[in-house]
Amino acid sequence: MVAASTWFRYIASKFEFSLTHKTHFLQEKFKMQKKELYDPPPPVPVYWIENSDSVSRHFQFEPDGQLSVSPLFTCYPVKHFHKQLMCSFLRVKIIDDARPASRRMVESFQNKFFPSGYPYSVNEGYLRYTQFRALQHFCSATLSVLSTQSLLFAAGLRPTPAQATAVSWILKDGMQHVGKLICSNLGSRMDSEPKSWRLLADVLYDLGTGLEVLSPLCPHLFLEMAGLGNFAKGMAVVAARATRLPIYSSFAKEGNLSDLFAKGEAISTLFNVLGIGAGIQLASTVCSSMQGKLVVGPLLSLVHVYCVSEEMRATPVNTLNPQRTAIIVADFIKKGRISSPADLRYQEDLIFPGRLIEEAGNVKVGRALHKVLKPSELHQVKEKFSEEKFILNRGTKWTDMILERNATGDDALRGWLVAAYAADIEKSFHKHSEEVLDEAYERMNNVFSPFLSELQAKGWHTDRFLDGNGCRFTS
């Protein structure tokens, strides 16, 4: 019995120890599981792969905020991807780049000298404009070196090409400032016709350069030749700078005017440097004599002016001025369609922008009121269209239109359509002048709303009418 009792107590103690051990083990395991439930899992890196043409890139967020430096990685701070990733870094790794080296060079050049998002961020014609702009600056810089060398020859010096390049910046002062002051008074006309004034600017620049190149032929007139040359260049500089903004604005498509301007200036600088280098080379070889300059100079000038004309023809200016308004109205009356700025750009006359267009009613805008009407006729003509902001006076050769001071592009279009319809009716039916204007005004009212809507949808800005220094009246 004693042995049995002892054995029983031994078994009981073993069972109690085993039960206590298992209970402790289960408690610890439960605590670990409970801890695992409350502890967040370790962050998983967020990544994705993007394929663009022949390039594959691996993008990955680093949740720990550490920046690992590797030649294959570019790191950008990310602020608004996820609350837990507010201070993370985005790592970009190029996995595979199958582009040939030539293409990579072209795309690198494009990124440095063309606006971001090109060609989708600019309007039509920008590439052609840029190509001729580059060639234009190359020719201009080359001519500048040759003309400066000639000026120094005429002054009795024998400079090296490098000296001619350095002194060229000094010789641009003096009479050039006078030209700048005179040309600065013509700013409103440049707003109206930026293309024509830009072309005129480069013609003036080449004229000034030509006088400088020819100065060694008459060294006794050195001051006169150099002064006139710099005077013409001064006017050219103001006209070129004043027209730069409206030209760049016509290409801006996504509010990227500053980007366009910066990239355009980068291209100009690059090709100016190349042109100076070419000028130094020519001045040392072919153009070291006057005969060489007389051959090369005119050729460079012709290429220069041709490039500028092609630049301007490629520019789709979308503001209304007399010439563009006349072309729009003529197309609408004759063909029943409205041209977009890109369609109309090659129809503009850069040399004679003020020419009359018969299909648009032969309208002249902005003549002085006292030259158009007698004082006794003013009240009668104004009462004809009393609710409008324009006055029309039909003559034998043309129709004068004078706008009110606060008239917009809409008002100019209304008046122009009346004049065009009146000319068309008179030509077709030979009616009396008063009846013609009444019927033309009625036609204009019938078509103006859809006409204006389509015009604005094509990209035209009708909130203002740029008539230069044209005369306006106040009622």
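The values are calculated or read from the model by the stated rules, or taken from the named source; none is laboratory data. The structure displayed is predicted, hence computed values, not measured ones. All Cβ positions, glycine included, derive from the backbone under ideal geometry; neighbour counts span all protein chains shown. To get the accessible areas, we keep the full protein, side chains included, count just its heavy atoms, and leave off ligands, DNA and RNA. Shrake-Rupley method; radii C 1.70, N 1.55, O 1.52, S 1.80 Å.
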Tally of residues being open to solvent by 40 Å² or more (accessible area, probe 1.4 Å) and of a type in the set (Gly, Ala, Ser) across segment 252-276: 3
Just to be sure, is Asn445 outside any strand (DSSP E or B), touching a residue at least 40 places away in the same chain (Cβ under 8 Å) and surrounded by fewer than 20 Cβ atoms within 10 Å (Cβ to Cβ)? no
So which residues in segment 277-303 are surrounded by 13 or more Cβ atoms within 10 Å (Cβ to Cβ), among the small types (Gly, Ala, Ser) and free of Cβ contacts under 8 Å to residues at least 12 places away in the same chain, if there are any at all? Gly277, Ser288, Gly292
Exactly one condition in (1) more than 24 Å from Ser453 (Cα to Cα); (2) in contact (Cβ under 8 Å) with a residue 40 or more places away in the chain; (3) under 38 Å from the mean Cα position of the chain (by Cα) is not met by Ala412; state its number. (1)
What's the number of the only condition in (1) closer than 25 Å to Phe153 by Cα; (2) touching a strand residue (DSSP E or B) at 6+ places or on another chain (Cβ under 8 Å) that Glu224 fails to meet? (2)
Only unsatisfied item for Trp416, checking (1) touching a Lys or Arg at 6+ places or on another chain (Cβ under 7 Å); (2) of a type outside the set (A, V, I, L, M); (3) surrounded by 16 or more Cβ atoms within 10 Å (Cβ to Cβ), is (1)
Being in contact (Cβ under 8 Å) with a residue 12 or more places away in the chain and touching an Asp or Glu at 6+ places or on another chain (Cβ under 7 Å), is that true of even one residue in segment 244-259? yes
For segment 304-351, which positions are closer than 23 Å to Ser428 by Cα and open to solvent by 30 Å² or more (accessible area, probe 1.4 Å)? Phe332, Ile333, Lys334, Lys335, Gly336, Arg337
Kindly list, by first and then second residue, each pair from a residue in segment 181-195 that is within 17 Å of Phe352 (Cα to Cα) to a residue that is surrounded by fewer than 13 Cβ atoms within 10 Å (Cβ to Cβ), limited to pairs with Cβ atoms under 8 Å and residues at least 6 apart or on different chains. Arg189/Asn469
Starting from segment 107-119, take each residue that is in a helix (DSSP H, G or I) and list its partners that are at pLDDT below 75 and surrounded by 12 or more Cβ atoms within 10 Å (Cβ to Cβ), counting only C-beta distances under 8 angstrom and pairs at least six apart or across chains. Glu107/Arg99
Among the residues of segment 211-232, is there at least one that is surrounded by fewer than 21 Cβ atoms within 10 Å (Cβ to Cβ), over 26 Å from Phe465 (Cα atoms), hydrophobic (A, V, I, L, M, F, W, C) and under 28 Å from the mean Cα position of the chain (by Cα)? no
Hey, Lys180 on the phi < 0 side of the Ramachandran plot, open to solvent by 40 Å² or more (accessible area, probe 1.4 Å) and either of a type in the set (Phe, Trp, Tyr) or in a helix (DSSP H, G or I) (or both) or not: yes
In segment 305-318, is there at least one residue being in contact (Cβ under 8 Å) with a residue 24 or more places away in the chain, farther than 17 Å from Thr148 by Cα, touching a strand residue (DSSP E or B) at 6+ places or on another chain (Cβ under 6 Å) and of a type in the set (D, E, K, R)? no
Among the residues of segment 368-388, which ones are within 23 Å of Val329 (Cβ to Cβ) and open to solvent by 70 Å² or more (accessible area, probe 1.4 Å)? Glu387
